[in-house]
Amino acid sequence: MPVSSAAMLPQRLRDLVAFMVGVRTLQHALVLLSLILLPSIFHEANYRENFHWPADAPPRVSNAFMTWDAQHYLYLSQHAYEPGHPSVALYPLWPWLIAAATPLFGGARLAAALVLAAGLSVVAAVLLRRMAARKLGDGAADTALALFLVQPAAFFFGLPYAESLFLVLCLVVVDRLESGHLLAAGAVGFFVPLVRPPGAFIVFPIAVAALLAWRADRRWRWSYLVAVALPLLGVVAHAALLYWKTGDPFASTTIQAQYVGRGSLARLLDPVTVLREFLDFGPHHEFRRSPLDRAFFALFVASLPAILVRLGPVHFAFALPMGLVTGIAQGGFTCFLRYLAVVFPAFLVWGQLLNHPRAAALRPLLLGGLLALQVMLAILHANNYWVA
């Protein structure tokens with residue numbers, strides 16, 4: 001007797017959770033193995049030059065799992081914003097969650113952050129798979145999820161970075177918008193600007209959904225306005241927190257401007273410079289001249305029409321600012337791989353394309369190649385090389 005889709009769902013969910021746990025375990029095992037077998041590749045100069053906490057701490061095995069921004073998040077999970085401190089550049093919700101979970105792990109902040117990030121990444125995968133199946137069907141959904149899991153920057157979802165939390169919140173917002181629950185979407189959207197700088201862009205899909213709802217029944221409801229206002233209140237709440245702790249409501253932007261990879265929305269008004277930078281790439285994946293960042297940016301831009309046509313205006317309103325605007329705003333397209341990692345509509349349309357029967361022979365080669373690239377970047381990142 002055939003098994004219904006509803007009956008298969010729990011088994012599919014169990015398989016997905018088991019696979020995600022296996023992926024995260026393998027990721028961390030390979031990182032540890034690189035420290036043992038390839039000790040010479042550890043970039044101690046980068047370790048010394050960049051912020052790490054405690055400041056006088058020598059390199060340890062645990063540092064492989066809290067490099068770069070992770071150090072700032074772990075610092076903020078114990079210390080409040082301080083005027084002029086470089087960690088002020090990062091946003092507060094993720095370190096607050098780490099702080100809240102730390103007592104459950106006997107005071108081990110790194111363990112709390114790793115488990116939280118891994119758990120949230122599983123939730124994100126489940127939400128993404130469910131959304132993809134609803135819009136594209138099971139076959140394309142499986143391919144889209146596979147692409148999402150093997151993308152080059154996916155290893156960040158298993159580290160003490162804010163990516164997993166950010167992605168879960170964004171998926172919930174878009175899911176609620178597609179279900180017609182604008183007020184619930186706005187309530188979740190309030191927290192998105194408290195996670196990462198591009199979080200403020202979540203107001204665009206909410207505003208588009210509100211406009212579509214108004215066009216459908218020709219009645220403007222107060223809940224539409226509240227839904228749009230809530231993410232903006234999140235931005236105001238972050239500014240108020242900064243003012244309370246540092247005396248400067250724009251302290252995060254001020255500190256970010258001191259970073260080498262600083263971005264600016266003003267770059268959107270200078271397309272000539274952006275085009276010149278796009279064409280100025282080197283042979284290696286490096287901070288500002290990465291051909292890999294540019295290749296994925298070009299692929300994403302080419303996918304925008306498909307996102308609009310196949311997924312609809314809400315997904316498009318999410319993807320456009322999160323991917324295109326953020327990519328352009330970063331000087332030299334710095335970190336685009338990591339910014340793209342949370343732009344889930346792109347993986348949905350790529351999954352549908354790759355699920356075509358004519359792509360059957362290409363599919364395992366592409367997925368395997370992307371996974372190998374992800375593993376290589378994860379190992380380099382753990383050894384204090386910049387990768388995204």
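The values are calculated or read from the model by the stated rules, or taken from the named source; none is laboratory data. The shown structure was predicted, so the numbers you read here are calculated from the model rather than taken from an experiment. Every residue, glycine among them, receives a Cβ derived from its backbone with ideal geometry; neighbour counts consider all protein chains shown. Quick note on the areas: whole protein, heavy atoms, side chains included, nothing else; ligands and nucleic acids left out. Shrake-Rupley method; radii C 1.70, N 1.55, O 1.52, S 1.80 Å.
Numerical summary
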item	result
Test: residue in the range 353-371 that is open to solvent by less than 10 Å² (accessible area, probe 1.4 Å) and either assigned to a helix (DSSP H, G or I) or of a type in the set (S, T, N, Q) (or both)	no
Odd one out for residue 145 among (1) modelled with pLDDT of 95 or more; (2) surrounded by 19 or more Cβ atoms within 10 Å (Cβ to Cβ); (3) not charged (D, E, K, R)	(1)
Extreme residue, modelled with the lowest pLDDT, among residues of the range 254-280 that are surrounded by 17 or more Cβ atoms within 10 Å (Cβ to Cβ) and more than 15 Å from residue 328 (Cα to Cα)	256
Some residue of the range 292-310 being of a type in the set (Ser, Thr, Tyr), open to solvent by less than 20 Å² (accessible area, probe 1.4 Å) and assigned to a helix (DSSP H, G or I)	yes
For residue 96: the one exception among (1) part of a helix (DSSP H, G or I); (2) surrounded by 15 or more Cβ atoms within 10 Å (Cβ to Cβ); (3) in contact (Cβ under 8 Å) with a residue 12 or more places away in the chain	(2)
Filter result for the condition that a residue is outside any helix (DSSP H, G or I), out of contact with any His (no Cβ under 7 Å at 6 or more places or on another chain) and at pLDDT below 95, over 219, 215	219
